[in-house]
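Peer 1: First the structure, then my questions, so here it is.
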Amino acid sequence: MTDVEFVRLRIGDVAKTIFPNDTDIQAFIDANSGDLWLAAADACMAIAADAGKYAKVQRIGEYEIDRTKVPGIMMKLAQEYRKMSAEQPADGYYEQSLTDWNVNEIIYNEALRQS
């Protein structure tokens, strides 16, 4: 999965209907120095801003389409993605607690890979 596909999946735009060009998504990634969670958060905020312009309730007979909640939902999603970015460990890896056994296993596995 590419970085652009990752962000598209998180914002619900796999069909490329919201941002038709990959360069739009790549701009969010570049603006956030490659942090995909922050890029997804910014994309959600852009969707919320755009949806806010057209937020209205439409009634057709007995049916009702309420688009007034979309901006709020996208802003909450952006907030969650920002939280995920902040909680992500440095370099995307969890730190190992090192014991004598772990250190020996790491050295042994590295030796096996290099031989």
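Peer 1: Please arrange 115, 85, 33 by how many other C-beta atoms lie within 10 Å of their C-beta, fewest to most.
Peer 2: Values: 115 5, 85 16, 33 8.
In order of increasing Cβ crowding within 10 Å: 115, 33, 85.
Peer 1: Given a cut-off of under 8 Å on Cα pairs at least six residues apart, what relative contact order in percent is computed for the chain?
Peer 2: 20 percent
Peer 1: Taking the Cβ of residue 42 as the centre, find all other residues whose Cβ is under 15 Å away and add up their charges (Lys, Arg: +1; Asp, Glu: -1). Write down the numbers at each step before the final one.
Peer 2: On the way: positive: 8, 10, 76, 82, 83; negative: 3, 13, 24, 30, 35, 50, 80.
Residues near residue 42 contribute -2 overall.
Peer 1: Just to be sure I understand: if I project the alpha-carbon convex hull of the chain onto a plane and average over all orientations, what area do I get in nm²? The partial results should precede the final answer.
Peer 2: Numbers: hull surface 44.9 nm².
Reported value for the Cα convex hull: 11.2 nm².
Peer 1: Non-local amide H neighbours of residue 35 (under 5 Å, H modeled in plane, Pro and chain starts lacking H): which ones?
Peer 2: HN-HN under 5 Å from residue 35: empty list.
Peer 1: What helices does the chain hold that run 15 Å or longer along their axis, going by alpha-carbon atoms, with a Kyte-Doolittle average of -1.0 or more, using DSSP H for the helix calls?
Peer 2: Correct list, ordered by number: 36-53, 70-87, 100-114.
Peer 1: Sum up the charges of everything whose Cβ sits under 10 Å from the Cβ of residue 66, counting Lys and Arg as +1 and Asp and Glu as -1, but leave residue 66 out.
Peer 2: Values: positive: 56, 59, 67, 69; negative: 64.
Result for the neighbourhood of residue 66: +3.
Peer 1: Still on this structure, I have one more. What does the convex hull of the Cα atoms of the range 1-52 come to per residue, in Å³, rounded to a whole number? Kindly include the intermediate steps, with their values, before the conclusion.
Peer 2: Working: hull volume 3.4 nm³, N = 52.
Here the figure is 65 Å³ per residue.
Taken together, the values in this text are just the output of simple stated rules run on the coordinates, not laboratory data. As the structure is a computational prediction, the values presented were derived from the model and not from experiment. Methodologically, a virtual Cβ is constructed for each residue, glycine included, from the backbone with ideal geometry; neighbour enumeration extends over all protein chains shown.
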